[in-house]
Amino acid sequence: MRKLLNNDLSGILIANHSDMISNNLSREHTLELVGLAEDIPTLPDRFLKIQNILNHPDSSAKEIAEIIQTDQATTVMLMKIANSPAYNPMNQPINKLSQAIARLGVTETAEISMSISLLYGFAIPAGIAKIRCFWAHAYAVGAISKILINKLPDDLDKPDPEAMFLAGLLHDIGRAILGIRVDMSYFEQKKFTAHGQKLIDAEEKEFGTNHAEVGGIILKKWNMPDDIIEIVAGHHQKANSIAGEVCSIADNLANGFLGHYDNIEKVYFALNNRFIENAEKALIKAGLIAAPEEEILEIDLPSLP
Ligand SMILES: [Fe+2]
Ligand SMILES: [Fe+2]
């Protein structure tokens with residue numbers, strides 16, 4: 001096991017775990033490692049270009065096609081989705097990226113493409129299976145957060161659905177950063193595969209902080225909008241905003257229903273009507289929307305480990 005230590009802030013020393021007297025780092029020490037200016041992890045180029053397109057409401061399908069067309073993995077997945085029964089009810093197959101984008105729309109295309117760009121372009125020190133699971137979960141939380149936010153009444157103070165998707169997609173980025181900057185064996189350790197409070201407790205014990213706080217710090221360094229930073233930094237706290245609560249409900253739903261999905265594409269196809277029904281029940285249970293009269297509320301969310 002390797003762990004990164006900083007003897008002083010001018011350099012990083014990579015030490016063997018066996019050299020260490022204690023596993024536990026103080027919060028201050030962990031945050032120093034996270035915040036070191038050198039080699040700060042960056043979001044993939046393709047992610048940033050697509051985010052930029054999403055920020056401009058008049059951006060065209062042509063612009064996004066130009067970014068995606070050089071990437072085979074994304075193109076193949078978009079074609080598959082565009083030719084699936086949901087988008088192709090008349091069974092008229094298409095074979096051009098531009099047609100796929102026209103069927104899916106710029107926003108959906110952008111969300112899928114950003115997620116895939118992270119899978120292939122954001123280096124996490126873990127085996128490929130774990131990396132796939134990590135981004136499948138991230139995509140699931142982004143997509144479910146958006147489903148949930150769209151179900152809430154418009155008069156509630158809520159972020160726009162695209163910001164909600166982005167916050168969900170990046171909600172656990174602090175876990176990746178702990179693996180990259182603080183403890184390269186993070187993804188190999190069983191205690192860090194827990195969910196919810198159990199995971200937070202394990203991280204606090206080892207690092208004096210947790211992935212939510214670390215996520216907030218890195219998003220600030222990446223100049224992400226404040227509302228997204230707040231959601232990510234607070235996604236394991238007792239909800240202090242509707243958006244924070246939605247992200248945490250989405251996290252539970254993703255862990256409960258799609259916990260072992262290892263593939264963004266599978267998650268995409270799993271988010272079907274039955275899932276939306278459960279999303280509604282979760283919102284009713286959280287008191288965020290009203291239950292239809294005389295309906296017996298029973299959400300069959302599997303209990304989390
Ligand atoms: Fe988390
Ligand atoms: Fe999560």
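The values are calculated or read from the model by the stated rules, or taken from the named source; none is laboratory data. Because the structure is a prediction, the values reported are computed rather than measured. Note: ideal-geometry Cβ built from the backbone for every residue, glycine included; neighbour counts use all protein chains shown.
Can you tell me which residue is nearest to ligand 1 (Cβ to nearest atom) among those in the stretch 148-171 that are part of a loop (DSSP other than H, G, I, E, B) and surrounded by 24 or more Cβ atoms within 10 Å (Cβ to Cβ)? Going through the qualifying residues, I end up with His171. Filtering the stretch 182-191 to residues that are of a type outside the set (Ser, Thr, Tyr) and crowded, with 24+ Cβ neighbours inside 10 Å leaves Val182, Asp183. Residue count for the stretch 42-75 under the criterion of being surrounded by fewer than 17 Cβ atoms within 10 Å (Cβ to Cβ) and not in a helix (DSSP H, G or I): the result is 9. Within the stretch 219-242, can one find any residue that is charged (D, E, K, R), in a helix (DSSP H, G or I) and within 11 Å of ligand 1 (Cβ to nearest atom)? No, the stretch 219-242 contains no residue that is charged (D, E, K, R), in a helix (DSSP H, G or I) and within 11 Å of ligand 1 (Cβ to nearest atom). Taking the stretch 95-142 as the range and being of a type in the set (A, V, I, L, M) and either in contact with a Cys (Cβ under 9 Å, 6 or more places away or on another chain) or assigned to a loop (DSSP other than H, G, I, E, B) (or both) as the test, the residues that pass are Ala123, Ile124, Ala126, Val141. Assess whether Ile289 counts as being surrounded by fewer than 20 Cβ atoms within 10 Å (Cβ to Cβ), more than 16 Å from ligand 1 (Cβ to nearest atom) and touching a residue at least 24 places away in the same chain (Cβ under 8 Å). Considered against the rule, which asks whether it is surrounded by fewer than 20 Cβ atoms within 10 Å (Cβ to Cβ), more than 16 Å from ligand 1 (Cβ to nearest atom) and touching a residue at least 24 places away in the same chain (Cβ under 8 Å), Ile289 comes out as yes.
Please work out if Ile177 is β-branched (Val, Ile, Thr), within 16 Å of ligand 2 (Cβ to nearest atom) and under 17 Å from Ala126 (Cβ atoms). Step through it out loud before you land on a result.
Values: β-branched (Val, Ile, Thr): yes; within 16 Å of ligand 2 (Cβ to nearest atom): yes; under 17 Å from Ala126 (Cβ atoms): yes.
Yes: the conditions hold for Ile177.
For the stretch 245-258, filtered to residues that are free of Cβ contacts under 8 Å to residues at least 60 places away in the same chain and farther than 13 Å from Leu170 by Cα, the residue that is nearest to ligand 1 (Cβ to nearest atom) is Asn252. Does Arg175 meet the test of being farther than 30 Å from Ala86 by Cα, among the charged types (D, E, K, R) and in a helix (DSSP H, G or I)? Yes: the conditions hold for Arg175. More than 20 Å from His236 (Cβ to Cβ), at pLDDT 95 or above and either more than 16 Å from ligand 1 (Cβ to nearest atom) or touching a Cys at 6+ places or on another chain (Cβ under 8 Å) (or both), is that true of Ser145? So Ser145 does not fit the description; no. Residues being at pLDDT below 95, surrounded by fewer than 20 Cβ atoms within 10 Å (Cβ to Cβ), within 15 Å of ligand 2 (Cβ to nearest atom) and in a loop (DSSP other than H, G, I, E, B) are represented in the stretch 192-204 by at least one member.
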